[in-house]
1. Can residue 124 be described as of a type in the set (Ser, Thr, Tyr) and outside any helix (DSSP H, G or I)?
2. Could you look through region 335-347, keep only residues that are out of contact with any Phe, Trp or Tyr (no Cβ under 9 Å at 6 or more places or on another chain) and touching a residue at least 24 places away in the same chain (Cβ under 8 Å), and pick out the one that is nearest to residue 369 (Cα to Cα)?
3. List the pairs whose first member sits in region 64-87 and is assigned to a strand (DSSP E or B), whose second member is aliphatic (A, V, I, L, M), and whose Cβ atoms are under 7 Å apart, counting only residues at least 6 apart or on separate chains?
4. Tell me, please, whether a residue that is over 22 Å from residue 145 (Cα atoms) and hydrophobic (A, V, I, L, M, F, W, C) can be found in region 102-112.
5. Which residue, of 72, 25, 57, is farther than 30 Å from residue 133 by Cα, modelled with pLDDT under 75, exposed (fewer than 10 other Cβ atoms within 10 Å of the Cβ) and of a type outside the set (A, V, I, L, M, F, W, C)?
6. Quick one: is residue 339 farther than 30 Å from residue 156 by Cα and either assigned by TED's automatic domain parsing to the domain that holds residue 224 or not in a loop (DSSP other than H, G, I, E, B) (or both)?
7. Looking for something buried (at least 19 other Cβ atoms within 10 Å of the Cβ) and modelled with pLDDT of 70 or more - is there at least one such residue anywhere in region 154-174?
8. Could you figure out which of (1) closer than 30 Å to residue 134 by Cβ; (2) exposed (fewer than 11 other Cβ atoms within 10 Å of the Cβ); (3) modelled with pLDDT under 70 isn't true of residue 103?
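The values are calculated or read from the model by the stated rules, or taken from the named source; none is laboratory data. All values reported here derive from a predicted model rather than from experimental measurement. Here the Cβ positions follow ideal geometry from the backbone for every residue, glycine too, while neighbour counts run over all protein chains shown.
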Amino acid sequence: MFVIGAEGEQVLRSDDSEPASFDPNDVMEAFANGDARYMKYKADNRSYMAFYRPMENTGWNIIAMIPESIVNRETATVRNVMAVILAAILLLGISALAGFQYTIIRPILRLKNEANRVKLGDFTARVPIGSNDEISELNRKFNEMVLTIQELIEHKYKLELRERESELRLLQNQMDPHFLYNTLDMIRWTARLEKAGKTSQLIEMLSKFFRLAPSNGNYVTTVQQELEFVQSYLYLQERRLGQTFRYSLFMDASIAAAPMLKTTIQPLVENFLKHGRNRGRAVNRITVKCYAVSKEIWLDVQDNGRGIEPGKLEAIRHALRRGRTDERSAGALSNIQERLSIYFGEGYGLEIVSSTPDGTLIRLKIPDRADGGEIEDGGNNRT
């Protein structure tokens, strides 16, 4: 560093290592020709960076001479440091992008693929749930939604399948309905004209039985109509069996119009007559009671038959609690339980309340959606 006086003389020279051939006047002249505060200067075959600054109120000037090699070395150091910093930032960015792809993009793409499977009808599609973040919560809700859709589809499919099977079995054992009804009516009126009152009543009950049976895909009826259907069946059976069989039907008038599925009580009655009668009794009796309990309708079918063996009873009850029954061992119970639970939902269906050597009590539970109404007596209360 040099301090140059007002007349161009060297007032101060800080380092003897600075160029011996340095002429301050050359530098001062160069700075005087422009506004620059630094310049390149060559002396003793070396390049320098010369920096100039005037000292106010003295007329003196300060000139600093720095070898260009030192400046370049410092610049290279800064450049290298910046390169390292940029490389580190780049690596961090790549790592962050990879992490973003792994935690966000990949799960979303996986969810999209599973959604496409559902769109094509594959309701077994599920998305794995790994953690408790927002993506996992989204996956959890997706799985719950697909499961709900699958259950609703199966619910509807099972109901339609069961009803179509029932209709098919019925159609296989029937002639053309209108022809059958008209023929039965003709025979009934013929019997009346011939004053055969009992025969006419039997034909009337048989005609009512066929009219109320499931047909044309209509499987929903009312409590009143279902009891009329059961009444016609039991009336015919009572006439067939004579003094060895009696029946009674009771219903709260307030639930007469409540909807229920057709042929849910009649199979229980038929099952008793085929398999449950006690041959040692003089009179086998069955009683059907329909009444409201809170927001439910209970339909009790009670007999005085021989009951169900304890081992078989426990197996049937266990199967009913699981929502499935073995049709080979449970008979009509399996079909009724499944139809009621499918149509009305969980919590409704069939229950074996008790079964002893003195008889069995079976209860059907359905929701109470009655609009009022009253069933005709028509011999419903018999003793």
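1. yes
2. Of everything passing the filter in region 335-347, 342 is nearest to residue 369 (Cα to Cα).
3. Correct list of pairs: 64/1; 65/50; 66/49.
4. No, there is no match, as no residue in region 102-112 is over 22 Å from residue 145 (Cα atoms) and hydrophobic (A, V, I, L, M, F, W, C).
5. Going through 72, 25, 57 in turn, the sole match is 57.
6. no
7. Yes, that holds for at least one residue.
8. That leaves (2) as the condition not met.
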